[in-house]
């Protein structure tokens, strides 16, 4: 495709993102200063339609971008949109909030992106396979109740309460702390398994009635359903695309089904920021939407993935610029 066609395609896409109305050659001439006649732009638009980069809706003489057009735009034509000073100040104020747990930072980041972009934002924590155990701490809460706290190297904290049918002493708790940390510190979360149970039991002089409840509860908390954070779901319904009852229903079904969102965010990453447009999404239920995902890191520690869900007419430039800025702030760049 020559440069003239690319400039016209870029103008069509940016006009459509701004207005949500099919784009005519006249509107391109007036607004985008391409120094071309309306007739020339019409001819170029006809060519762009033939090769599949724009489409003509039945009810209009204007054109709208196709998924193929958006893909070329994202890959080659889009420039980073400058974030306004008020948006920068808002982001900075949010990210400076005192955070007690790393999960709080994920919630803050998710809501901040949603507020600035006006799209629905979802997040999921890092996979357990890539989290290593930094420390396990057992604390006696009563003669038959223990709290276990697992801290991972990503800063994620998992807590659980364990109840016993017999008394547990402070001395036993000290031994548990030593044995578990000696065996597990620096190891992946999913090392809390059957062989570990056998190892702990064989090296300690008290009954399986103490060891087994601990192992069961630790496994339960590690393998519990991944937390998914969702912000700004209501914002979708302000967009023109969601006035279609069918699209609105599809959107509600997507965000209601945790497994769809988890699969979406756990998809393999080619880059730190990935864009999936319409039919590029594997799941049939996502064909009407575009998804932009990025690796959520804090001081270069993997905190999981954050994704933005919107119509294919998403303002990709704004979304990606916000993601890049927040990523830089979180990693001290």
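Readers should treat all values here as calculations from the given coordinates under stated rules, not as data from a laboratory. Since the model is a prediction, treat every value here as computed from it, not as a measurement. Backbone-built Cβ (ideal geometry, glycine too); neighbour counts: all protein chains shown.
When only C-alpha pairs under 8 Å and at least 6 residues apart count, what is the relative contact order of segment 3-77, in percent?
Reported relative contact order: 35 percent.
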For segment 1-125 the mean separation of alpha carbon contacts under 8 Å (6+ apart) over residue count, i.e. relative contact order in percent, is 20 percent
Most exposed first, judged by fewest Cβ atoms within 10 angstrom, 136, 260 run 260, 136
Output ordering of 35-44, 176-185 (per-residue mean of other Cβ within 10 Å, highest first) is 176-185, 35-44
Residues 48, 141 in order from fewest to most other beta-carbon atoms within 10 Å are 141, 48
For the pair residue 90 and residue 245, the simple spin-label estimate (label points 7 Å beyond Cα toward Cβ) gives in nm 3.3 nm
Per the 1/(1 + (r/R0)^6) rule, R0 = 41 Å and r from the Cβ atoms of residue 137 and residue 273, FRET efficiency to 0.05 is 0.65
So the compactness index of the chain, its C-alpha Rg divided by 2.2 N^0.38 Å, takes the value 1.30
Over its alpha-carbon atoms, segment 1-110 yields an Rg and a Dmax in Å of 19.1, 61
Simple SL model, points at 7 angstrom along Cα→Cβ for residue 46 and residue 227; separation in nm is 5.9 nm
Taking the chain and counting helices only, DSSP H stretches of n ≥ 4 at -39,500 (n - 2.57) each over all residues, the nearest-500 ellipticity at 222 nm comes to -13500 deg cm²/dmol
If the chain between residue 190 and residue 101 were fully extended at 0.36 nm per residue, the gain over the current Cα-Cα distance would be 29.9 nm
Residue separation between residue 4 and residue 37 times 0.36 nm, minus their alpha-carbon distance, gives in nm 10.6 nm
Going from the fewest other Cβ atoms within 10 Å to the most, one would list 129, 115 as 129, 115
In nm, the gap between the two label points placed 7 Å beyond Cα toward Cβ at residue 324 and residue 128 is 3.7 nm
For 232-243, 102-113, ranked highest to lowest by mean beta-carbon neighbours within 10 Å, the order is 102-113, 232-243
